[in-house]
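Just below is one structure, and these are the notes that go with it.
Readers should treat all values here as calculations from the given coordinates under stated rules, not as data from a laboratory. Predicted model, so just to flag it, every value in this text is computed and none were measured. Glycine also receives a Cβ, built like all others from the backbone with ideal geometry; neighbour counts cover every protein chain displayed.
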Amino acid sequence: MTERIDIRRSEDVVLVRQRVRALAVQSGLSLVDQTKVVTAASELARNTLDYGGGGTVDIEVVNGLRRGVRLVFEDQGPGIKDIDAAMRDGFTTGNGLGLGLGGAKRLCSEFSIESAVGKGTRVACSRWK
Ligand SMILES: Nc1ncnc2c1ncn2[C@@H]1O[C@H](COP(=O)(O)OP(=O)(O)OP(=O)(O)O)[C@@H](O)[C@H]1O
Ligand SMILES: [Mg+2]
């Protein structure tokens, strides 16, 4: 079961947090793990909005060999020129602290990021039990 949420304005980031929390509960994640994945989702949704110009997130409860939640954020914004630089703590092209992507990676059990300049960005985060 996958749920898609459009991320177009700040209120959508709040909705993403709520739905990720609900599906994390449903998937049986511990309270600590729920909070980790909600925090990662919040950072990634914010980036999708602020830098990607909006996009979508697909939230999925995974109930196979691994159990937990999987999130895929996608936008068709400007993309990221240097992903290694963007992942580094303290790197920002905006007004943030530059901690969002590195923080999100640490909070996810699996994390991947793909981006193409002029095409967009895709970030996947899974949190497993
Ligand atoms: N979806 C995206 N599209 C384009 N660029 C992005 C995207 N997500 C992140 N970036 C780039 O990566 C940089 C680092 O992102 P990160 O979330 O780590 O920090 P930040 O958003 O600048 O600050 P913080 O998250 O701490 O408030 C951003 O400043 C931006 O240049
Ligand atoms: Mg950020």
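Points worth noting:
- Computed log10 I(q)/I(0) for the chain at 0.15, 0.19 Å⁻¹: -0.62, -1.00, from the Debye equation with unit scatterers placed on every C-alpha and solvent omitted.
- Highest mean packing comes first when the peptides 29-35, 117-123 are listed by Cβ atoms within 10 Å, giving 117-123, 29-35.
- Comparing Ala22, Ala41, Ala104 in a Gaussian network model of the chain, where Cα atoms under 10 Å apart are tied by springs, the biggest mean-square fluctuation is seen for Ala22.
- Cβ-based charge dipole, the range 1-103, positive-most Cα from Ile5, Gly53, Ser30: Ser30
- The chain: relative contact order as a whole-number percent, Cα under 8 Å and 6+ apart: 27 percent
- By the Cα gyration tensor, the range 1-52 has an equivalent ellipsoid whose semi-axes, rounded to whole angstrom, run 20, 12, 8 from largest to smallest.
- Here the ratio of the Cα radius of gyration of the range 76-129 to 2.2 N^0.38 Å is 1.15.
- Listed residues Gly54, Gly96, Gly28, most fluctuating in the chain (Gaussian network, C-alpha, under 10 Å): Gly96
- Lys, Arg +1 and Asp, Glu -1 on Cβ, resulting dipole of the chain about Cα centre, debye, nearest 20: 360 debye
- Extension gain for Thr93-Gln18 works out to 24.2 nm (0.36 nm per residue, less the C-alpha to C-alpha distance).
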